[in-house]
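Structure, as structure tokens:
The values are calculated or read from the model by the stated rules, or taken from the named source; none is laboratory data. Computed from a predicted structure; not experimentally measured. As a convention, Cβ positions derive from the backbone with ideal geometry for all residues, glycine included, and neighbour counts pool all protein chains shown. Heavy atoms of the whole protein, side chains included, go into the accessibility calculation; ligands, DNA and RNA do not. Shrake-Rupley method; radii C 1.70, N 1.55, O 1.52, S 1.80 Å.
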Amino acid sequence: MLTDDAMPVARRDSPSAAYRAYLASEFLALFFGVVAAFAMLAGGVSPVPFLVVLGVAGVAYLLRVGEFDRRDLWRASAVRTHLPSILGLWAVACVVAVAGVAVFLPGDLFSLPREEPVTWAIVAVGYPVLSVYPQELIFRAFLFRRYRPVFGSGAGMIVASAAAFGFAHIIFGNLFAVLATTAGGVLFAWRYARTRSLLAVSIEHGLYGVLLFTVGLGRFVYHGAG
């Protein structure tokens, strides 16, 4: 893989069509080809260790390349500004999710906290740290920085990030996981574009993930669900 450090300055400032085509091919190979191969060949294998390793690799890349503000890896100040919006949207999602499960899957409503409260507590604490933040490093910070010459920094990047994020969830083997996470990916990519804060977007991502496990939809978004 050609790193940005290896590119001539002029090429970084105005990437050629050939280099943009290379990046587009790399994007498709990494976020669609590799994911599809994992889904087909690694049945029963948890993706979490891979997420952690890829997250670390993403940080190493971001710290090496130019034009990346290291404050984007955290930027706590953005949380204070955007928390009302994050919580407001999440509250609406809570109502919709509870109502949807109550109508269509009444037996599953709050099944995990009711039947396995210890497991639910472990998920609520461990999921944001071991899964959410690494995902945001990969699908937001790395993807936004690496593929900006291809998708720009506006709507095109948000769509690309959401598509890659949603497609990654084919490993769960059900359409709900892909559709729900694609929709979530639009929100998370938009939030990151607005805040440049992995902390803010990780909090939002974590809230929605824990919501799914809490209301009874967790079986659609954990490895092995089908």
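The table for this structure:
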| quantity | calculated |
| --- | --- |
| All helices (runs of 4 or more DSSP H) inside the range 121-226 with 3 or more residues being free of Cβ contacts under 8 Å to residues at least 24 places away in the same chain | 155-168, 175-195 |
| Qualifying residues in the range 125-148 (those that are open to solvent by 30 Å² or more (accessible area, probe 1.4 Å) and among the hydrophobic types (A, V, I, L, M, F, W, C)) - the one farthest from residue 188 (Cα to Cα) | 125 |
| Residues of the range 193-226 satisfying the condition of being closer than 17 Å to residue 88 by Cα and open to solvent by less than 20 Å² (accessible area, probe 1.4 Å) | 195, 200, 201, 202, 204, 205, 206, 209, 211 |
| Residue count for the range 55-80, restricted to those that are assigned to a loop (DSSP other than H, G, I, E, B) and either open to solvent by less than 60 Å² (accessible area, probe 1.4 Å) or acidic (Asp, Glu) (or both) | 7 |
| Enumeration of residues in the range 172-226 that are over 19 Å from residue 106 (Cα atoms), of a type in the set (Ser, Thr, Tyr) and either under 12 Å from the mean Cα position of the chain (by Cα) or modelled with pLDDT of 95 or more (or both) | 181, 182, 192, 195, 197, 202, 208 |
